[in-house]
Amino acid sequence: MSSWKSLLLRIGDKSPEYGTSSEVKDHIETCFSALRRDLEHSPDDILNFVLQCAEQIPHKIPSYGTVVGLLNLENEDFVKKLVESTQTAFQDALDTGNCDKIRILMRFLTVMMCSKVLQPGSLVVVFETLLSSAATTVDEEKGNPCWQPRADFYVACILSCLPWGGLELFEQVPEEIERVVVGVEAYLSIRRHLSDAGLSFFEDGNEIGSDVVEKDFLEDLWSRIQVLSNNGWKVDSVPKPHLSFEAQLVAGKSHEFGPISCPEQPHLPSQFSATIYGKQKHEAELKYPLRIHRLNIFPASKTEDPQPIDRFVVEEYLLDVLLFFNGCRKECASFMVSLPVPFRYEYLMAETIFSQLLLLPHPPFKPIYYTLVIMDLCKALPGAFPAVVAGAVRCLFEKIADLDMECRTRLVLWFSHHLSNFQFIWPWEEWAFVLDLPKWAPQRVFVQEVLEREVRLSYWDKVKQSIENAPALEELLPPRGGPNFSYSVEDGRERTEEHALSTELSSKVKGRQTARDIISWVEESVFPAHGFEVTLKVVVQTLLDIGSKSFTHLITILERYGQVIARICPDHDKQVMLIVEVSFYWKNSSQMTAIAIDRMMGYRLISNLAIVRWVFSTLNIEQFHTSDRPWEVLRNAVSKTYNRISDLRREILSLKKGVMSAKETLAKAKAELDAAESKLTLVDGEPTLGENPARLKRLKSHHDRAKEEEASVQDSLEAKEALLVRAIDEMEALFLSLFKSFSNVLMERLPDASKVGTLQALKSIHSDEMAVDLEESSAMEVENENGMSKKSHSNGEKASNGYDVGEKEQWCLSTLGYVKAFSRQYASEIWPLIEKLDVEAFTEDAHPLFRNAVYTGLRRQNE
């Protein structure tokens, strides 16, 4: 790497490139000198690399802006070209809706204005262009309010530039920037307030340790900007390196920024309805998502931010580092602990990372990424960050009953994985009290699920050893045993005829008999004599036992003998019985149950509809509020169905490009062949139509190959499109079955709609009943064996167990939470089916709380 590249990358860091110096001013001077020397030889390389650094290491933008300002004193033409390149990149980002690029380039423009590279008026024009587009979008007559997410994003970009350049703008162009501020106020007065319903981390909408604040993200940012304005635009968290060079920079020529234009929003259809509004709003939210939903875990005093805007700025730094270093976890952690801010921010860093890990509907990156970052930060800051993370876990655990079900699942998966990387060390004695809670209490279920996931990541004895400070928690560990093989002879069971059949089948498999041979044996010898149930049990139990040694063994047995299972279980009813058998065999292992069912679905031995029916069978329904076992299987089934569609769409997109390329190749080959055939040549002195026969033959061969290739790619495309239609039909059937099942089981168990209209009312039913019971039994004293008296409590033991939601109510709350989670996660696939679902599942007969859970997940207005 060139020395100037290393200097640009490491500017502001403690690194060998800058020797012992840690002063940003010295770094800027060193970097500027290196760039000035190479500017004549590599102007294009330097221009592109400066832009690339500004876009991908945005917390260093103030330093890059100052370097550009110094280069402007030496070579105005180079910097003018840099500004033009920035304008081209910015316009392209606007056209494609690249939110991160728009936001960061606007910050870069602001900093270049501070360094006298860009005229302040040009920056104001950019602000006004975006503001005008935003105001038009939310205008109900001229625009399309469905696309308010884009309008909000544009205004948020304007406001987010002010911490970096608000002071300079108000000093240099006070009237123009005041006009922008008035425009922002006008926009805020006409836009719709955005509810966080469906995206809140907590079911009650309240966050830990915070007052109930109804401001949405844009309103909150505006209030922080107002405080900043009142404080004279002084921001401790934004470095101003250009001030050290102000005397030099003022001599530079400020350049104009070319005109930009915002893309038009989609037009509203003439037949407008709430459903159409919901679909377009969902599309807009997908394209212009909120970058962060703030998670206030700790008290405000812990975040140590001197003024409100500093929290926003540090969040921007942290989110940028997470975004651009997602493939380099070590670099990510290194940058996160060395941000250019003069105060400690460990608590704010933890809140920001957890807000991304738990972000709804999806985290920006896979949860494993945040797990690794937290691990690396604990190692980078061993004296501070581990305690902060532990504090965050304790705070979230306290409020686990109100935590969204999807967030709860992610927290279980993260925490168990995190502990597995730190020797499973945790003060479990702090949580031993959960054993006194009823089995359905969310805190007890959380501890139980964490321990179960730990066993998956280690082994039973190791996890048992890790809870030795709270040995009673062993009660919450999953069963220790392995497979539950019905035909085992090791424990002295009596051998039956079924044992003999199992042994015979096992010997056939070990003897490498083909699936066809075994199918013949089953149809001729087993099924006629013993019937379907015995046949199913013998075949499934025996094959699973042979494949139980490892995941590879299971895959091998399903690949070789899956046809046998498919022949026995051709329809949904029999497939449900097959899943029951799998679940029975692996009843001691939720992990292997989920893996076996998932693999069988992958080989199409089990349909997703059969899985839904099994999940909603009586045995599983009773576990909805106490175990993740049925939910894991259901999540896998819906995810696999969705992934098939996603994969097919990607393949079809690729094939369409292939078809276009093949058609272009064919057209070119045909043109060359036609030109050759139409050309007159002399053969034996006579004019003859056609080129040299050898070349003509070669061109014909090339044309024929191109034609075959085009036909082949076209056939592949048509085949994939047919598969996509089938996959979409499967997804539609799955969602219809899933939501009908949810509606039916909830209707059976939820109280009458006239009694409970909200989740809060549902939660309070049990405590209200207990209050009545306490009043009725206040005079009743029951003598126990020792002659001591105790009060009689019915319908639960709130006084002793500390959790006042009854089992039936908790079942309803958990199930409604999963309804919302599935609706939210697969909203993009549900919205195209909404009319059909409205008719068949979300009917007026369905319970209002069920419909409300679905609508909240979809962020759909109640009609």
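Tabulated values for the structure
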| read-out | value |
| --- | --- |
| Using θ = phi - 60° and Karplus 6.51 cos²θ - 1.76 cosθ + 1.60, couplings along segment 267-275 (whole Hz; Gly, Pro as x) | 6, 6, x, 5, 8, 8, 8, 4, 5 |
| Computed over segment 249-382, Cα set: Rg, Dmax in Å | 19.8, 61 |
| Solvent exposure, largest accessible area first (probe 1.4 Å, DNA, RNA and ligands not counted), of Met113, Met577 | Met577, Met113 |
| Whether segment 8-108 is rounded, prolate or oblate, judged on the alpha carbon gyration tensor where a/c under 1.5 counts as rounded | oblate |
| Overall form of segment 614-762 per C-alpha gyration tensor (a/c, 1.5; a/b vs b/c) | prolate |
| Straight-distance crosslink candidates among lysines, where the alpha carbon sits under 29 Å from Lys700 and sequence neighbours closer than 8 are dropped | Lys656, Lys657, Lys663, Lys668, Lys670, Lys679 |
| Amide proton proximity set for Phe202, modelled H, under 5 Å, gap of 5+ | Asp404 |
| Residue pairs, from the table Lys14/Lys101; Lys510/Lys574; Lys399/Lys820; Lys366/Lys720, whose Cα atoms sit over 21 Å apart | Lys14/Lys101; Lys510/Lys574; Lys366/Lys720 |
| Percent carbon-and-sulfur accessible area, the chain, ignoring ligands, DNA and RNA, probe 1.4 Å | 51 percent |
| Average projected area [Cα convex hull, segment 257-319], square nanometres | 8.3 nm² |
| Helix-only [θ]222 nm of the chain, DSSP H runs n ≥ 4, -39500 (n - 2.57) each, per residue, nearest 500 | -21000 deg cm²/dmol |
| Net charge of neighbours whose Cβ lies under 14 Å from the Cβ of Ser520, counting Lys and Arg as +1 and Asp and Glu as -1 | -1 |
| Residues of segment 1-109: accessible area per residue with a 1.4 Å probe, Å² | 42 Å² |
| Mean projected area (nm²) of the alpha-carbon convex hull when segment 450-554 is viewed from all directions | 8.9 nm² |
| Debye equation applied to the C-alpha atoms of the chain, log10 I(q)/I(0) at 0.07 Å⁻¹ | -0.74 |
| Neighbour net charge for Gly65 - beta-carbon separation under 12 angstrom, K R +1, D E -1 | +3 |
| Long-range amide H partners of His255 with built H, under 5 Å | Leu118, Gln119 |
| Cα gyration tensor category, rounded, prolate or oblate, for segment 84-194 with a/c compared to 1.5 | oblate |
| P(r) tail fraction, segment 564-654 - alpha-carbon pairs more than 18 Å apart, % | 44 percent |
| Cα-based Rg and Dmax for segment 502-591, where Dmax is the largest Cα-Cα distance (Å) | 12.4, 35 |
| Note, ³J(HN,Hα) from phi for segment 554-571, Karplus 6.51, -1.76, 1.60, rounded to Hz, x at Gly and Pro | 4, 4, 4, 5, 6, 5, 7, 10, x, 4, 5, 5, 4, 5, 6, 10, x, 10 |
| Solvent-accessible area per residue for segment 333-453 (1.4 angstrom probe, square angstrom) | 33 Å² |
| Kirkwood hydrodynamic radius of segment 174-279, Cα pairs, Å | 19.3 Å |
| Per residue accessible area of segment 474-600, 1.4 Å probe, in Å² | 50 Å² |
| Total formal charge among the other residues, if their Cβ is under 11 angstrom from that of Val124, Lys/Arg +1 and Asp/Glu -1 | -3 |
| Alpha carbon centroid spacing (whole Å) that separates segment 465-526 from segment 74-103 | 65 Å |
| Theoretical FRET efficiency, 1/(1+(r/R0)^6), r = Cβ-Cβ of Glu475 and Ile190, R0 45 Å, to 0.05 | 0.15 |
| Projected-area average for segment 356-402 over all orientations - Cα convex hull basis, square nanometres | 3.7 nm² |
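The values are calculated or read from the model by the stated rules, or taken from the named source; none is laboratory data. Values in this document were obtained by computation on a predicted structure and should not be read as measured data. With ideal geometry, Cβ positions are generated from the backbone for all residues, glycine too; neighbour counts draw on all protein chains shown. These area figures cover heavy atoms from the full protein model, side chains too; ligands, DNA and RNA do not enter into them. Shrake-Rupley method; radii C 1.70, N 1.55, O 1.52, S 1.80 Å.
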